[in-house]
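Undergrad: Please find one structure pasted underneath; my questions will follow.
Only the coordinates and a few stated rules stand behind these numbers; no lab work does. All values derive from a computational prediction rather than experimental measurement. Note that each Cβ is placed from the backbone with ideal geometry, even for glycine, and that neighbours are counted across all protein chains shown.
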Amino acid sequence: MKSARAVAHTNIALVKYWGKRDASPADLNLPAVGSLSLTLDRLRSETTVAPAEQDSFHLNQEPASGEVAAKVLRHLDRVWQAAGHAGARPACEVRSHNYLPTAAGLASSASGFAALTLAAAAAFDYDPGRPALSALARRGSGSAARSLWGGFVRLERGVLPDGSDCRAYPLQPQSFWDVRLLIVHTEKGPKAIGSTAGMQRSRDTSPYYGPWVDTSEADLAAAEAALAARDLPVLGDILEHSCFKMHACMMASRPPIVYWRGATLDVIHAVWRLRAEGLRGYVTSDAGPHVKVLCAQDQADELAVRLRAVSGVHAVDVVGPGPDPTVEVSA
Ligand code: DP6
């Protein structure tokens, strides 16, 4: 094997993924719904996979162990198996660094598993093309499948039992639309539950899970059209609808899954108030208390200033559309 380094940028879903397909092996990690995302500038994972005497994983310069390291090493096994090489996988040293905002609480699994997939495939001399690598990244984490491209990306739900058609593809490149995403960091409490377990609970117990899944394709089609037309108010309406529908589905789970804190709602209401004043921001939020706001480039700074003033807000990062991942191989 060789030594390879990959850089992949994180992404935020504008039309959300929440739920796994019924009766599929957990290892395939097949989503119940498709999703549509924006890859972000600056916020990224850089990962190196190199030959070694024994397996190891370092995250942000620290040796990692337990389930965190086990997930990474299991993913190396998947890439090695997909590559179809004979014999056991060679031992690897994996070093990953996340460049995500410090106050974060932002999931690193999207950029992390995308970078790991790309670095491992290159190290194992495996080049099936980005679509197949996207399907492989999905098995590490669903949202990672979308970080295989910059700009605006769609992850297809797919129908095949082996998941080979459940992969992302690029909709529009980084240069297509110079929008901004504000990441509004609010107070952090203990996280309700991880995404994977939360999705399972919603599927098993939420009465809104069925309608959530059934209405997702229509949101995707409408979002794709609004994106192609660069229509911010229409896209904004769809992304808010997708976000609130997902959180309603989570909250109606048993026991309830509530990721929001008081400040989360204060920010949401502030965004709506400012919108009525002409600062057009649209909110989305994931499995955590932070709020992300999509807006036009020329209103981003003013919106950021106004949202920093909301009580309970620690920081506001302003980011634009991000690039494709990159991979470098050394002998
Ligand atoms: C709320 O991709 O973290 O951010 O596939 O189980 O690893 P696993 O889940 P993950 O879930 C992301 C959920 C979300 C919405 C989204 O990014 O689409």
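Undergrad: What does the helix-only formula give at 222 nm for the chain: each DSSP H stretch with n ≥ 4 adding -39500 (n - 2.57), the total divided by the residues, and the result rounded to the nearest 500 deg cm²/dmol?
TA: Computed mean residue ellipticity for the chain: -11500 deg cm²/dmol.
Undergrad: Can you list residues whose amide H is under 5 Å from G281's amide H, if they're 5+ apart or on another chain and H is modeled 1.01 Å from N?
TA: Amide H neighbours of G281: R275.
Undergrad: Please report how many Lys pairs in the chain have alpha carbons closer than 29 angstrom, counting only residues at least 8 apart along the chain or sitting on separate chains.
TA: Within the chain, the lysine pair count is 19.
Undergrad: Then there is this: Label the range 81-237 by shape, choosing from rounded, prolate and oblate, from the square roots a ≥ b ≥ c of the eigenvalues of the Cα gyration tensor; if a/c is under 1.5 it is rounded, and otherwise prolate applies when a/b is larger than b/c, oblate when it is not.
TA: rounded
Undergrad: In addition: Specify the angular offset, from 0 to 90 degrees and rounded to the nearest 10, of the alpha carbon long axis of helix 216-228 from the longest principal axis of the alpha carbons in the chain.
TA: Taking the Cα atoms of the chain, the angle to 216-228 is about 80 degrees.
Undergrad: Only Cα pairs under 8 Å and at least 6 apart count here; give the relative contact order of the chain as a rounded whole percent.
TA: That works out to 25 percent.
Undergrad: Measure nothing fancy, just the Cα-based angle from helix 232-251's long axis to the longest principal axis of the chain, in degrees from 0 to 90, nearest 10.
TA: 70
Undergrad: Another one. Between D237 and S164, what is the label-point separation in nm under the 7 Å Cα-to-beta-carbon projection?
TA: Label-label distance for S164 and D237, simple model: 4.1 nm.
Undergrad: Does the range 58-162 classify as rounded, prolate or oblate by the C-alpha gyration tensor (a ≥ b ≥ c root eigenvalues; a/c under 1.5 gives rounded; else a/b over b/c gives prolate, otherwise oblate)?
TA: It is oblate, given that a/c is not under 1.5 and a/b is not larger than b/c.
Undergrad: In the chain, which longest range has no trypsin sites (Lys or Arg not before Pro) that are both DSSP loop (not H, G, I, E or B) and surrounded by at most 15 other Cβ atoms within 10 Å? Could the numbers behind the result be given before it?
TA: Working: sites that count: K2, K188, K191, R230.
Excluding the exposed sites themselves, the longest stretch runs over 3-187.
Undergrad: Is the shape of the range 175-331 best called rounded, prolate or oblate, per the rule: a/c under 1.5 gives rounded, else a/b larger than b/c gives prolate, else oblate, with a ≥ b ≥ c the square roots of the Cα gyration tensor eigenvalues?
TA: In terms of gyration-tensor shape, rounded.
Undergrad: What is the Cα centroid distance between the range 175-220 and the range 115-171, reported in whole angstrom?
TA: Taking the Cα centre of the range 115-171 as reference, the centre of the range 175-220 is 20 Å away.
Undergrad: At most 12 other Cβ atoms within 10 Å plus a DSSP loop assignment makes a site exposed; report the longest stretch of the chain without any exposed GluC sites (Glu not before Pro).
TA: Between exposed loop sites, the widest span is 54-276.
Undergrad: Roughly what angle does helix 262-276 make with the longest principal axis of the chain, taking Cα atoms, 0 to 90 degrees, to the nearest 10?
TA: 60
Undergrad: Okay, next question. If you stretched the chain out fully between V305 and A248, how much longer would it get, using 0.36 nm times the residue separation minus the C-alpha to C-alpha distance?
TA: Residue separation times 0.36 nm, minus the Cα-Cα distance, leaves 17.6 nm.
Undergrad: Compute for the chain: radius of gyration divided by Kirkwood radius, i.e. Rg/Rh, restricted to C-alpha atoms, rounded to two decimals.
TA: My calculation of the ratio gives 0.96.
Undergrad: Then there is this: So what's the net charge close to G262: Lys and Arg +1, Asp and Glu -1, counting the other residues with Cβ under 15 Å from its Cβ?
TA: Once positives and negatives cancel, what remains is 0.
Undergrad: Compute the Rg to Rh ratio over the range 37-120 from the alpha carbon atoms, using the Kirkwood formula for Rh, and round to two decimal places.
TA: 0.99
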